[in-house]
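What follows is one structure encoded as structure tokens, with my remarks underneath.
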Amino acid sequence: MELTGWVKNYGWGRKGINSAVAQLAMANDPDFRLNEEETYAEMWMGTHVCGVSVVKETGETLDRVLKKDLSYLFKVLSINKALSIQVHPNKCEAERLHKERPDIYKDPNHKPELAIALTPFLALVGFMSAEDIRDYIDEFQPLSKLIGKEAVDQLHDSTNSESVKLCYEKLMKTEEPVIAKCISEIAKDYQKELKSNDLLEVFTKVNKDFPGDVGVLSLFFLNLIRLQPGQAIYLGANENHAYLDGDCYKDVDQLLESVIFESSYKDRKEFIPYRIDEQVQVYIPPVTDFAVINVNIEHSLESYKLEIQAFGSILIVLKGSRILKLKTQQEIRKSW
């Protein structure tokens, strides 16, 4: 069945036709009307209560047609401003938080994420090694002064996840005027150091979008990942992250309680898909909730047969046109 996605107009999205979400919405929904001054941040496809898809032919919502919920939410994001630092709880934590604060934590599910770049993409993901964080704090003295001698000394004496946690907790709980002063000093006096660490452009952009925000200083704690189209990263439970290039709920205590401060690897690696053949590759994360298949059929290939498992699957066409023939109880033929 052909679905209409749900568009989210968050303030951090790209404006008008420059948004990939807006472009997809125009192709997807005949009733969609583009507003060049509106931001189009996300398109949701699935059965989530905050944005359930609609079956075009009948106007029914997908959850009612399926009589159950899908185990995943499929999104396309188009980002203009950085998103806040966030961390998704594991399943047990999600159930507890949903029960205690359902107005904030909307559902009881964990939220592992697989992010696949459609265009060049920038993200902060997970903590760097304790050694790298120590070196950054030493190099950028306003940050060292903000964190304080006691925490910095402990980081030098015991360069591990516990000392990183102490430093990051001090950072996240510092008053906003002190944070803003630290960022201002780094922006003014440490241009050379930012440039030599390949951080100048990102630091400047994030500080421009959110002047004086503590998230700017997270650049010295988290892995900066640069993805090209087709490359991916996987984010498990309790792994902090922010997508760069909104009004969000801010729960610093929960972030500090949930997040994993241990760096799994010194240099963050992209999530490598499994290639089936020249046309198809599959991104298989270490969870049972979902996988993503990327199908890229060459123009010279007249037809291609794709066999998929009998799970609820959503297909989104990003470019090109083909005739799709589905082998079901009632054979369906669609043109896209």
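Results, tabulated for the structure shown:
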item	result
Segment 123-178: relative contact order in percent, alpha carbon pairs under 8 Å with at least 6 residues between	34
FRET efficiency for L326 and E176, using Cβ-Cβ distance with R0 set to 51 Å, rounded to 0.05	0.40
Efficiency of FRET between K208 and I276 - r from beta-carbon atoms, R0 51 angstrom, step 0.05	0.75
Computed E for D157/E193 - FRET, C-beta separation, R0 22 angstrom, nearest 0.05	0.35
Per residue accessible area in Å² of segment 1-79, where ligands, DNA and RNA are left out and the probe is 1.4 Å	56
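The values are calculated or read from the model by the stated rules, or taken from the named source; none is laboratory data. In this text the structure is predicted, and so the values were computed from the model without any measurement. Every residue, glycine among them, receives a Cβ derived from its backbone with ideal geometry; neighbour counts consider all protein chains shown. The area values use the complete protein model at the heavy-atom level, side chains included, leaving out ligands, DNA and RNA. Shrake-Rupley method; radii C 1.70, N 1.55, O 1.52, S 1.80 Å.
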